[in-house]
Structures are given as structure tokens and as C-alpha cells.
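The numbers here are math on the coordinates, done by the rules we state, and not lab data. Remember, it's a predicted structure, so these values are computed and weren't measured experimentally. Here the Cβ positions follow ideal geometry from the backbone for every residue, glycine too, while neighbour counts run over all protein chains shown.
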Amino acid sequence: MPATGEARDVVILGSTGSIGTQALDIVARNPGRFRVAALAAGGANPGLLAGQAARFGVPTVAVADPEAVPAVLAALGEQFSRTAGRFPPAGHDRGDFAAHAPARPPRVLAGEDAVCQVAALPCDVVLNGVTGAAGLRATLAALDAGRTLALANKESLIIGGPLVTSRAKPGQIVPVDSEHSTIAQCLRAGRNSEVRRLILTASGGPFRGWPKDRLVGVTPEQALAHPTWNMGPLVTVNSATLVNKGLEVIEAHLLFGFGLDRIDVVVHPQSIVHSMVEFADGATIIQASPPDMRIPIALGMAWPERVAGAAPGLDWTAAASWTFEPLDDRAFPAVGLAREAARLGGTAPAVYNGANEACVADFLAGKISFPRIVDTVARIVSEHDTSPGAVTTLEGVLAVDAWARARARELNR
């Protein structure tokens with residue numbers, strides 16, 4: 001890690017997604033703090049990826065989908081023929097641009113292994129903003145290479161479990177989820193031995209207060225209309241079902257080492273308080289800010305330093321009310337199910353995650369109802385046999401993940 005004030009070289013995985021684009025916004029506004037060493041994306045948005053590579057003078061780009069490579073190469077060729085040498089990346093003058101930007105398009109690597117390859121490149125920080133279980137390989141690659149991992153891909157920790165935590169050195173994983181970034185910040189207020197409990201906040205999603213029977217008619221369009229956050233489709237639906245909060249309970253347990261009985265969830269619709277830590281003397285430390293992911297992203301890339309102006313702060317001159325209410329476990333059983341998966345241990349959390357991702361895809365395709373997502377996940381978790389013992393290899397974890405997805409598709413026919 002560079003000394004305080006020195007620029008950090010950052011590899012951004014999932015650069016065209018919500019996390020990646022916001023990370024690059026931070027880089028663009030803080031050229032003296034960060035340099036982009038490499039980008040990785042699925043390849044579904046070749047024009048955006050090419051524009052990012054040209055704007056930030058990126059030497060290496062990884063494309064997870066090999067079939068998308070021709071479109072990415074074409075977009076890069078067009079982008080560089082139009083702009084190379086004509087303008088510097090945001091925040092750089094022409095002399096600085098000439099010193100750091102390549103004179104031709106970046107080298108393009110293709111396939112899942114390519115994403116892992118850039119995750120292991122020499123750099124100060126790897127930001128893993130890949131969506132879903134696909135982020136696990138890159139997480140392991142970054143950890144094995146000794147990189148600081150700013151982790152926005154909670155699923156890789158959920159399904160990897162001990163496989164991930166056993167490879168991480170103390171402090172090597174910096175959480176980027178707003179809730180876990182908050183917990184990490186609040187824990188600075190005291191020793192872990194002084195902590196009574198962690199409290200994760202949930203917005204409640206677009207269906208907060210709805211009775212269980214009303215959820216049957218929920219449409220994909222309704223589920224994708226989150227009241228406070230702007231996220232990708234998987235995370236947005238997970239927030240509507242509260243599966244996302246279930247995943248965060250498991251993640252908090254793995255990241256911070258507190259028992260599941262010391263991790264609570266409360267509903268906070270305003271999404272201003274992003275979580276809390278209650279200490280043994282009765283004091284509760286909170287972190288409050290607007291619902292803007294650029295704050296935890298910037299902190300993840302600069303940890304333990306802060307980035308000035310990462311996002312606008314709260315307006316303390318305006319009247320405001322913050323409310324907190326208990327979670328409705330009957331209408332939204334996903335958090336309780338996640339706790340059960342975590343108690344079962346082994347690969348049960350991987351089953352919870354994999355089955356859910358398959359069910360969300362089926363829901364968005366109109367194949368199943370909204371409540372069916374969690375109902376199917378619950379059935380698959382109950383079917384999973386955890387008795388064979390711990391799965392200690394990447395292949396074993398991915399095999400369990402594949403089984404859970406296949407079983408979900410079978411049940412959803």
C-alpha cells in the first residue's frame with residue numbers, strides 16, 4: 001500500500017456496472033489519488049467499456065464473455081481512432097496523459113480466466129464489483145496475489161466462505177457494501193471485545209409494509225423500482241425480497257467474526273443510517289450519509305483514508321425524520337432463511353445464493369411469482385446435504401453452486 005497521499009493503482013472488476021461506473025467517477029474527480037491499472041467487464045456494453053479504456057488510458061482490459069470480444073475490439077478501434085492523442089483522461093493535462101496513456105488500444109484478454117488474470121496484476125487495490133457468484137474466482141485470485149481487495153461482490157464471500165476467509169490476511173478484505181463499510185467504520189470507536197451487537201439497516205424495499213398475500217401479484221417492474229438505491233437488476237430484486245439483507249447477515253458474520261445471535265436487522269426506510277454498532281456500555285455508534293454508494297466505494301479504494309468530496313453530505317439545516325421498525329419475518333422470510341443457512345454452515349450459504357440467483361432470473365423472465373423466489377430457495381436449502389463435511393476447493397464450491405441453480409430451474413419449470 002502506498003504512503004498517505006500517494007496515488008493508488010486500482011484494478012476495477014465490473015467496470016460497466018453500477019459499482020464500476022461510480023468508482024470511475026471517483027477516479028475522474030481525484031486524478032492525483034488513483035490510477036486505473038486495468039478494467040474487467042462482461043462485455044455486454046462494449047461502447048461504454050471502450051470509452052472507459054480510452055478516457056483513463058487503461059493498458060489492459062478483460063472481457064468475461066469471449067463472444068463479446070469482437071464487439072469490444074471494434075468499439076476500442078473506433079474510440080481510439082477518434083480520440084487517441086486528442087484529449088487526456090479526466091483530470092490529467094496533456095503532458096501527464098502522454099506519460100501514462102498508451103498510444104494504441106489496450107490489450108484485450110478474454111474469458112473468466114482473463115478476469116482472474118487482471119485481478120492478480122500488480123496494483124494497490126482490486127475493486128471487485130462483479131455481480132453474483134461469478135465474482136468468486138476473481139476474489140480468490142486477488143487474495144492469492146496479495147492485493148488489497150475492496151469487496152463489493154458479497155456473493156463470492158457467501159459461497160466461498162472459509163475458502164475465502166482462510167486465504168485472506170488480516171485487513172486484506174475491505175468491505176464496500178454500504179452496511180459493512182459502515183460497520184468497519186463504527187468498529188473504530190472501540191475494541192471488538194466491547195461490542196454487544198451489530199445492527200444492519202434495511203430500507204425494506206418497494207414492498208415495505210405489504211402483507212404476505214399481496215406479494216403474489218408483484219411484477220418484475222415493481223420489484224425493480226427501488227425507493228432509495230440505484231442498483232443492477234439482481235441486487236434490486238434481492239433488496240425487494242430482502243435476500244440481500246440475508247446475504248449481508250452472513251457476510252457480516254464472516255467478515256467481522258461475530259456470532260449470528262449478535263447480528264440484528266432493523267428496517268430504516270430513509271436509508272440514511274447505513275448500520276450501527278452497539279457497545280457493551282449501551283452506546284450505539286452510527287454512520288449517516290445520503291444513499292450514495294460513492295462514499296463506501298471511495299473509502300474501499302482509499303482505506304483507511306477518506307476521499308474528500310466523494311459524494312454530497314447531508315443537509316443538516318433541513319428538518320428530517322429517521323424511523324426504525326422491526327423486520328416483518330412473515331412477509332419477508334429471507335433473512336431468517338439466511339440465518340438458518342449460516343447455522344447449517346458448510347456449503348448451505350452457497351446453496352442459498354445460487355438457488356436465489358436462478359430464481360431471480362426466472363422471476364424476471366416471468367416464469368415464477370415473486371414469493372416463489374424465497375419459497376424455492378427454502379426448499380433447496382432444506383434438500384441440501386451438509387453432512388459430507390467442508391468443501392475445501394473452488395471446484396467443489398462451484399459444483400454445489402451449479403447443483404443449486406439446476407435444482408431451482410427444475411423446480412421452476
Determine which member of the set Leu49, Leu24 is buried (at least 20 other Cβ atoms within 10 Å of the Cβ), touching a Ser or Thr at 6+ places or on another chain (Cβ under 7 Å) and over 25 Å from Arg306 (Cα atoms).
-> Leu49
Candidates Gly209, Gly257, Gly217, filtered to the one that is more than 19 Å from the chain's Cα centre (by Cα) and either aliphatic (A, V, I, L, M) or within 22 Å of Thr182 (Cβ to Cβ) (or both) | Gly257
If you take the residues of segment 109-134 that are within 17 Å of the chain's Cα centre (by Cα) and part of a loop (DSSP other than H, G, I, E, B), which of them is farthest from Val61 (Cα to Cα)?
-> Thr131
Residue hits (segment 366-387; in a loop (DSSP other than H, G, I, E, B), touching a residue at least 12 places away in the same chain (Cβ under 8 Å), of a type outside the set (Lys, Arg) and surrounded by fewer than 16 Cβ atoms within 10 Å (Cβ to Cβ)) are Gly366, Ser369
Check Val335 against each of (1) in contact with a strand residue (DSSP E or B) (Cβ under 8 Å, 6 or more places away or on another chain); (2) surrounded by fewer than 20 Cβ atoms within 10 Å (Cβ to Cβ) and name the one condition it does not meet.
-> (2)
Is at least one residue of segment 369-377 over 21 Å from the mean Cα position of the chain (by Cα) and hydroxyl-bearing (Ser, Thr, Tyr)?
-> yes
Output for segment 323-365, where each listed residue is of a type in the set (Ser, Thr, Tyr), closer than 17 Å to Ser156 by Cα and part of a loop (DSSP other than H, G, I, E, B) | Thr347
Restrict the check to segment 168-188 and report whether at least one residue is within 24 Å of Ile368 (Cβ to Cβ) and of a type in the set (Val, Ile, Thr).
-> no
Name every residue in segment 28-46 that is surrounded by fewer than 24 Cβ atoms within 10 Å (Cβ to Cβ) and not small (Gly, Ala, Ser), in order of residue number.
-> Arg29, Asn30, Pro31, Arg33, Arg35, Asn45, Pro46
